[in-house]
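The values are calculated or read from the model by the stated rules, or taken from the named source; none is laboratory data. Note that the structure is predicted; figures quoted are calculated from it, not measured. Positions of Cβ are backbone-derived with ideal geometry, glycine not excepted, and every protein chain shown enters the neighbour counts. Please note that ligands, DNA and RNA were not included when accessible areas were found on the heavy atoms of the full protein model with its side chains. Shrake-Rupley method; radii C 1.70, N 1.55, O 1.52, S 1.80 Å.
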Amino acid sequence: MHSAIALGSNMGDSHAILEAALETLAQTPGIILKAKSHWYKTKAVGPPQPDYLNGCAILQVNILPQLLLEILLDIEKKSGRVREERWGPRLLDLDLLLYDDLILDTPNLQIPHPRMQQRAFVLVPLAEIAPDWIEPISGRKIKQLVKEVDCSEVHLLIGV
């Protein structure tokens with residue numbers, strides 16, 4: 001099975017935090033890091049706060065989506081993430097975007113991620129590493145979806 005995740009940070013040393021999260025995932029039993037995007041600087045959504053560093057990764061997994069979500073939440077927590085304000089600043093944000101072609105809607109997990117189609121900061125890095133992945137609800141490829149969002153606030157980070 002393959003899964004796509006989004007990574008973001010806008011507090012602390014965001015680059016180091018994101019790289020450490022990828023390293024933790026790569027060392028987790030049942031997970032193989034298959035691809036990672038470049039990092040992108042993006043404007044924050046929500047209350048006034050610093051810009052984000054965002055990216056995506058493709059994982060090969062042999063664990064169920066619920067367990068993968070628990071692993072992502074645990075990595076967030078161990079990085080110091082405290083959930084205080086919706087869309088507020090954060091040290092680390094890990095979102096489970098896609099899990100093969102699964103469509104899942106439970107109280108604590110929705111796959112595909114319910115807002116990914118509106119978010120350039122997700123679609124731009126995801127299109128870099130998985131342009132032909134078909135989003136199962138729309139039936140459209142990521143490279144098609146990214147053309148329908150405003151990407152003007154998503155900038156490739158050079159030199160890291």
Condition met for Asp100 (open to solvent by 40 Å² or more (accessible area, probe 1.4 Å) and modelled with pLDDT of 95 or more): yes
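When the residues of region 109-127 are narrowed to those that are in contact with a Leu (Cβ under 9 Å, 6 or more places away or on another chain) and in contact (Cβ under 8 Å) with a residue 40 or more places away in the chain, which ends up surrounded by the most Cβ atoms within 10 Å (Cβ to Cβ)?
Filtering first and then ranking leaves Val122.
Quick grid of which residues meet (1) open to solvent by less than 10 Å² (accessible area, probe 1.4 Å); (2) modelled with pLDDT under 95; (3) closer than 20 Å to Gln60 by Cα:
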| position | (1), (2), (3) |
| --- | --- |
| Ala4 | yes, no, yes |
| Met11 | no, yes, no |
| Glu23 | no, no, yes |
| Pro47 | no, yes, no |
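Gln60 - would you say it is more than 13 Å from the chain's Cα centre (by Cα), at pLDDT 95 or above and either of a type in the set (S, T, N, Q) or open to solvent by 60 Å² or more (accessible area, probe 1.4 Å) (or both)? Reasoning before the result, please.
Values: more than 13 Å from the chain's Cα centre (by Cα): yes; at pLDDT 95 or above: yes; either of a type in the set (S, T, N, Q) or open to solvent by 60 Å² or more (accessible area, probe 1.4 Å) (or both): yes.
Taking the combined requirement at face value, the residue satisfies it.
Conditions (1) of a type in the set (A, V, I, L, M, F, W, C); (2) at pLDDT below 95, marked per residue:
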{"site": "Leu67", "(1), (2)": "yes, no"}
{"site": "Lys77", "(1), (2)": "no, yes"}
{"site": "Gly80", "(1), (2)": "no, yes"}
{"site": "Leu94", "(1), (2)": "yes, no"}
{"site": "Asn108", "(1), (2)": "no, yes"}
{"site": "Gln117", "(1), (2)": "no, no"}
{"site": "Val124", "(1), (2)": "yes, no"}
{"site": "Gln144", "(1), (2)": "no, no"}
